[in-house]
Amino acid sequence: MRFLNICAGLALIFSANASANPLIDQLIGVTTAFLEEEIQQHLGQSSREARHSIAVNRLDSRLRLTPCPDSDIHTSLESPATPVGRVTVRVACENEQVRWRLFVPAQVNLYQPVVVLTRPLGRHAAISASDLTLLERDVGLLNGSYLTELDQAIGMRTRRAIREDSVLNPSHLELDEIVKRGDRVVISAANPNISVRMPGEALEGGVVGSQIRVRNSRSGRTVTGRITAPGQVKVAL
């Protein structure tokens, strides 16, 4: 029998009468069983609590394929890389008499506790424990961008204004400034032959690695240096 390559976009649609076709029931069953196993393996890689649901799209009741023994049906995840959200499962019958394959779309909802804001925060606002809570959300709708631990956000600052009940993700956050404008700092400079240290004042704030302007308290000269630690700014000689 010639190999049938059935496109999901043509062969797979919602149909109220799909259950009348035993082949479709078989396809939905093997797809659901496969996804159940895949999601259990996925969850086994994490210690976080989660619950899930699987909904396989119904196939067109007019679909006609030669029946295939369960032992000869093979399933694999076509897309995406993880079995969460909108997924496509490749289902194939492979034996000496019967060969066909098709692609079955499904929806896997995975509900996990994620970090959510309890109140709106403005741009560059410092985040404290009282600003956060853990609430269950469908992470399949979050495109992999979410936090699962409160400590991942506490002590950080917001890059922009964020609304109440928003799920926080890494792009929302920036490190809190360890040097603030007006802070007293130690300006250091060194090369293989000389090392000097002098008091200064930060004219800008920043985090470790940030380049900021500082004023030498002795000479009054303004230079640019890189923050290396709290109260420490290194400049080039």
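Restricting to the range 191-211, and then to whatever is within 25 Å of residue 158 (Cα to Cα) and at pLDDT below 95, can you tell me which residue is farthest from the chain's Cα centre (by Cα)? First the steps, then the outcome.
Going residue by residue through the range 191-211, those that are within 25 Å of residue 158 (Cα to Cα) are 202-211.
Imposing the further condition that a residue be at pLDDT below 95 reduces the set to 204-211.
Working: 204: 33, 205: 30, 206: 27, 207: 25, 208: 25, 209: 26, 210: 27, 211: 30 Å.
The qualifying residue farthest from the chain's Cα centre (by Cα) is 204.
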Some residue of the range 91-105 being free of Cβ contacts under 8 Å to residues at least 60 places away in the same chain and either among the hydrophobic types (A, V, I, L, M, F, W, C) or in contact with a Leu (Cβ under 8 Å, 6 or more places away or on another chain) (or both): yes
Options 214, 223; residue that is over 15 Å from residue 181 (Cβ atoms), β-branched (Val, Ile, Thr), assigned to a strand (DSSP E or B) and in contact (Cβ under 8 Å) with a residue 24 or more places away in the chain: 223
Within the set of pairs 6 or more residues apart or between chains, which connect a residue that is surrounded by 14 or more Cβ atoms within 10 Å (Cβ to Cβ) inside the range 129-157 to a residue that is of a type in the set (Gly, Ala, Ser) and part of a loop (DSSP other than H, G, I, E, B) with Cβ atoms less than 7 Å apart? 132/153; 147/153; 154/128; 157/125
Checking residue 205 against (1) surrounded by fewer than 17 Cβ atoms within 10 Å (Cβ to Cβ); (2) farther than 30 Å from residue 50 by Cα, the condition it does not meet: (1)
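If only one of 219, 210 is among the small types (Gly, Ala, Ser) and either under 21 Å from residue 124 (Cβ atoms) or surrounded by 13 or more Cβ atoms within 10 Å (Cβ to Cβ) (or both), which one is it? If you could, list the steps in order and put the result at the bottom.
On the way: 219 fails: either under 21 Å from residue 124 (Cβ atoms) or surrounded by 13 or more Cβ atoms within 10 Å (Cβ to Cβ) (or both).
Of the residues listed, the single one that is among the small types (Gly, Ala, Ser) and either under 21 Å from residue 124 (Cβ atoms) or surrounded by 13 or more Cβ atoms within 10 Å (Cβ to Cβ) (or both) is 210.
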(1) part of a loop (DSSP other than H, G, I, E, B); (2) surrounded by 12 or more Cβ atoms within 10 Å (Cβ to Cβ); (3) touching a helix residue (DSSP H, G or I) at 6+ places or on another chain (Cβ under 7 Å) all hold for residue 66 apart from (3)
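The values are calculated or read from the model by the stated rules, or taken from the named source; none is laboratory data. Just so we're clear, the structure is a prediction, and the values are computed from it rather than from any experiment. Heads up, the Cβs are rebuilt from the backbone with ideal geometry, glycines too, and the neighbour counts pull from every protein chain shown.
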